[in-house]
1. Please arrange Tyr57, Tyr115 by how many other C-beta atoms lie within 10 Å of their C-beta, fewest to most.
2. Exceeding 32 Å between C-alpha atoms, which entries from my cross-link table qualify? They are Lys88/Lys268; Lys27/Lys78; Lys25/Lys171.
3. How would Arg94, Arg236 line up from fewest to most surrounding beta-carbon atoms within 10 angstrom?
4. Under 5 Å between amide H atoms, partner at least 5 residues away or on a different chain: which partners does Leu95 have, H built in plane at 1.01 Å?
5. Once phi is turned into ³J(HN,Hα) by the Karplus curve 6.51 cos²θ - 1.76 cosθ + 1.60 with θ = phi - 60°, what whole-Hz value does each residue of the stretch 119-126 show in order, with x for glycine and proline?
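Laboratory data are not the source of any read-out in this text; all were calculated from the coordinates shown. Remember, it's a predicted structure, so these values are computed and weren't measured experimentally. Cβ: placed from backbone, ideal geometry, glycine included. Neighbour counts: every protein chain shown.
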Amino acid sequence: MIKFKFLLFFSAGMILAACGVVNEKNKGKGVNMFTVQQDIELGAQVAAEIDGNPAQYPLLDSMQYSDVYQYVYKVRDKILNSGAVDFKDDFQWRLRVIHDDSTLNAFCTPGGYIYIYTGILKFLETEDEFAGVLGHEIAHADMRHSTRQMTKMGAIQLGLDVLAGDMVALKQITGALVGLKFSRSHESEADEKSVEYLCPTDYYAHGGAGFFQKIEALGGSKTPAFLSTHPNPADRIEHFESHAIALGCIGNNNHRSEYQAMLAKLPK
């Protein structure tokens, strides 16, 4: 048993050392027992599970709704080309839209597979608000929050089981990642990164605050379950805005008309 524990901790140390020495992009991203390549592989398997379950995740067809996909990819590209996304060239950053108007959510798997519900698209009003939300989700993958949280929660073996082809484990981890409640520090980190991604663009860098302004205006009556343990909307609005001011961001276009034209092309 002692020998086994020594090998376990030695192996863990080697993985962490490899992450820190081989990939400089991991600096400042906390303790993570998963390698970047494992993030990529895990995300691909989770994405395949989601894509193969149309009953639970009814994805909009990319051919039938090509204008919608062209639009969301355009926004994605502006964020990725800001120069602030560390794993821009390493992760997939593939987008899919889920047809569910009742769900105010978006999520991103490890490795950059992004899913956006039509509910949150229709809840937002401008392109910079959407860019802020999209930047926030990109940040979760770029900062490797999912596997960092799995490391902290002791779910390393579950992730390794998925990578080894365990289908039961894959279903478990897919459900967990879709409904994952990130820590307050990870949420704040993703909010800050969203501002930093948008700052070099012509978007208002605090665009993500628009989502929380709408939530606050509703008095919390439509607060999504995934926000229940997060910092409250007022604090997050202030955090978005103060970070944009601190960075001297000067966005000047919210692209409202273009966003409304995209919304008109979504299924009713």
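1. Values: Tyr57 18, Tyr115 21.
With the sparsest Cβ surroundings first, the list reads Tyr57, Tyr115.
2. Values: Lys88/Lys268 34 Å; Lys27/Lys78 24 Å; Lys25/Lys171 30 Å.
Over 32 Å Cα-Cα: Lys88/Lys268.
3. Values: Arg94 18, Arg236 23.
The most exposed by this proxy come first: Arg94, Arg236.
4. Here the answer is Ile114, since their amide H atoms fall under 5 Å of that of Leu95.
5. Per-residue couplings from phi come out as x, 6, 4, 6, 6, 7, 10, 9 Hz.
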